[in-house]
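The values are calculated or read from the model by the stated rules, or taken from the named source; none is laboratory data. Quantities reported herein were computed from a predicted structural model and do not represent experimental measurements. Positions of Cβ are generated from backbone atoms using ideal geometry, with glycine treated the same way; all protein chains shown enter the neighbour counts.
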Number of protein chains: 2
Amino acid sequence: MPIRYTEDEIIARVFAPIAGPAALGLKDDAALLAPTAESTVATVDVLVAGVHFFPDDPPALIAKKALRVNLSDLAAKGAEPVGFLLSLALPADWTNDWLEAFAAGLAEDARAYAIPLIGGDTTATPGPLTISITALGRTPGFVPRTGAKPGDAIYVSGTIGDAALGLALRRDPALAARLSPQARGYLLDRYLLPRPRLDLVPLLRAHASAAMDVSDGLAGDLAKLCRASRVSAVVEAPLVPLSPAALEASLAPGFFEAAISGGDDYEILFTADANWTPPQDVFRIGAIIAGTAPPQFRDATKKPINLAKMSFSHF
Amino acid sequence: MPIRYTEDEIIARVFAPIAGPAALGLKDDAALLAPTAESTVATVDVLVAGVHFFPDDPPALIAKKALRVNLSDLAAKGAEPVGFLLSLALPADWTNDWLEAFAAGLAEDARAYAIPLIGGDTTATPGPLTISITALGRTPGFVPRTGAKPGDAIYVSGTIGDAALGLALRRDPALAARLSPQARGYLLDRYLLPRPRLDLVPLLRAHASAAMDVSDGLAGDLAKLCRASRVSAVVEAPLVPLSPAALEASLAPGFFEAAISGGDDYEILFTADANWTPPQDVFRIGAIIAGTAPPQFRDATKKPINLAKMSFSHF
């Protein structure tokens, strides 16, 4: 067994450098955030090795993913990041090297997204690495899931299905062999590393009637947004944005269903006025209609597409 | 395998009833807290089955412990509870019955301590049950660890060492056999179920120069408070408050050291003016002095007590 940091050393050497002023040097019982005129937004996500990522993924990327899935939730609500709390259960075989690489990835993203560490708890576990991050944000204009109205248009940012394809490639070498190295690399990266759309925060505050991040598949997530808003929806499948890499894989059987029901897109799904013109990289894919039926996806001939599976679940 | 709730059912049936308005029905990406003039206090604790509690402990008590250890941190900072986020990794053999009992315990405490659930994430794990709770509070007057000054007196609430003895009883039937049934029951309960001292919040805001909760043993925690405040301390061992049940065990070898270095007291350690008269159930145990030496514990003859072990660690 190599020499390993004590709990106090982990706090002082590994995590204190990532901490913001609210963390009080990670030397107190709790973080302290000064009052502001804005609302506070809070979200939590837990990631388990072997469930949400592969245990041998690079530790820096695991850390970034754990933080970014929370940043994606803040972005969807029109919130700017304020700080995050990290709870970390380390498996029996953790090493200082692993932990330092994990913290280095976390530090990079904490700087890049202006979200300092404000608190945490580290423990040992006889089980797999388990990471739970709670992110706090602030906004003057929270964008709920409940505001979609009949007549609104449905928009989605970026491209859909890349991460699900990246996961499929890791599991199926035959599929991977059919793609170009560029497409393979792109899709694998999209699975490893979400890109939280904090760049869309001003747009969402200004224009979105309802929004959520796409984390469990576009189809299932749109169904959730519709239920929350008590509306239904029609989506034109040919309008769902796909990356060039995904298009390379698009002839595989079941491709479209996999793309819209797979997890980990971390793009933003939102509704806004139908007369609004979205910027580049945001796409209008359908319309909100009255009713309580599940959202319908239609093909190029306006025929409904039957979806066996709506969303991804870790259960 | 019995029929089990889906992820959506867990949210809607099991956890939504515990949720407060800020949770938005647990149907959104994040919780929304309105702005206030007070500072926000945030703390997180992670508990792992087999590390922080026994896997076969009653689920309601596991839930209560996970919430209460966080409430204890809020209390130590002079903060009133606002809400909590729950991240739950369920082991392969979880059942609806177990989950409902867990949620019932959580609901009872959420009501009792006026701290609604405001968000969460539930997942499956191939490892042990892992619970991470982030608690948010508010205070007009945060009590830091850093404010202790030479000349301040040191106070502690309640009694010390009961939970550590409770844990020892579970591990050592011979020790258990030497105690009365009443003492046994009392100590076992003190290990199972912390009693966060939110009743002390007004007192701490009004009088404490520094405070923390006693979770890793009085000796080690006082050392942390002293380091944070850059002071030293002298504690009169005979003044450390012990319960009648602990006194029954006090003739066992190593008793006092175990009592002040064992974990899970969840009482409040604080400093205040030496002329202040504490209320019932709060005890003056020593004095803050200048210097950087570790705190010294003295016996009835003022002779220093040598402590081999200062605090409890899960590492």
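Among the residues of the stretch A:167-190, write down those that are within 25 Å of A:Leu67 (Cα to Cα) and surrounded by fewer than 24 Cβ atoms within 10 Å (Cβ to Cβ).
Within the stretch A:167-190, A:Leu167, A:Ala168, A:Leu169, A:Arg170, A:Arg171, A:Arg184, A:Gly185, A:Tyr186, A:Leu188, A:Asp189 meet the criteria.
What number of residues within the stretch B:111-127 satisfy the criterion of being crowded, with 21+ Cβ neighbours inside 10 Å and under 30 Å from A:Ala49 (Cβ atoms)?
Matching residues across the stretch B:111-127 total 8.
Please determine whether any residue of the stretch B:278-293 is touching a Ser or Thr at 6+ places or on another chain (Cβ under 7 Å), more than 30 Å from B:Val46 (Cα to Cα) and surrounded by 17 or more Cβ atoms within 10 Å (Cβ to Cβ).
Taking every residue of the stretch B:278-293 in turn, at least one turns out to be touching a Ser or Thr at 6+ places or on another chain (Cβ under 7 Å), more than 30 Å from B:Val46 (Cα to Cα) and surrounded by 17 or more Cβ atoms within 10 Å (Cβ to Cβ).
If we scan the stretch B:254-272, do we find a residue that is surrounded by fewer than 19 Cβ atoms within 10 Å (Cβ to Cβ) and farther than 13 Å from B:Gly161 by Cβ?
There is no residue in the stretch B:254-272 that is surrounded by fewer than 19 Cβ atoms within 10 Å (Cβ to Cβ) and farther than 13 Å from B:Gly161 by Cβ.
Starting from residues that are closer than 13 Å to B:Thr146 by Cα and modelled with pLDDT under 95, keep the ones in the stretch A:24-39 and report whichever is surrounded by the fewest Cβ atoms within 10 Å (Cβ to Cβ).
A:Gly25
Filter the stretch B:25-41 down to the residues that are more than 7 Å from chain A (Cβ to nearest Cβ) and among the aliphatic types (A, V, I, L, M) and list them by number. It would help to see each step written out before you state the result.
Step one: filter the stretch B:25-41 for residues more than 7 Å from chain A (Cβ to nearest Cβ), giving B:25-26.
Within the stretch B:25-41, B:Leu26 is the sole residue that qualifies.
Residues checked against (1) under 30 Å from A:Ser87 (Cβ atoms); (2) within 14 Å of chain B (Cβ to nearest Cβ):
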residue	(1), (2)
A:Val143	yes, yes
A:Ala168	no, no
A:Leu175	no, no
A:Arg178	no, no
A:Gly185	no, no
A:Asp189	yes, no
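Taking the stretch B:49-92 as the region of interest, how many residues are of a type in the set (Asp, Glu) and within 13 Å of chain A (Cβ to nearest Cβ)? I'd like the intermediate steps shown before the answer.
Kept after step one, since they are of a type in the set (Asp, Glu), are these residues of the stretch B:49-92: B:56-57, B:73, B:80.
Narrowing further to those that are within 13 Å of chain A (Cβ to nearest Cβ): B:73, B:80.
Within the stretch B:49-92, residues that are of a type in the set (Asp, Glu) and within 13 Å of chain A (Cβ to nearest Cβ) number 2.
Determine, yes or no, whether A:Pro194 is in contact with a helix residue (DSSP H, G or I) (Cβ under 8 Å, 6 or more places away or on another chain) and either in a helix (DSSP H, G or I) or not assigned by TED's automatic domain parsing to the domain that holds A:Asp45 (or both).
yes
Can you name every residue in the stretch B:198-229 that is under 24 Å from B:Gln296 (Cα atoms) and either assigned to a strand (DSSP E or B) or among the acidic types (Asp, Glu) (or both)?
Within the stretch B:198-229, B:Ala210, B:Ala211, B:Met212, B:Asp213, B:Val214, B:Asp216, B:Asp221 qualify.
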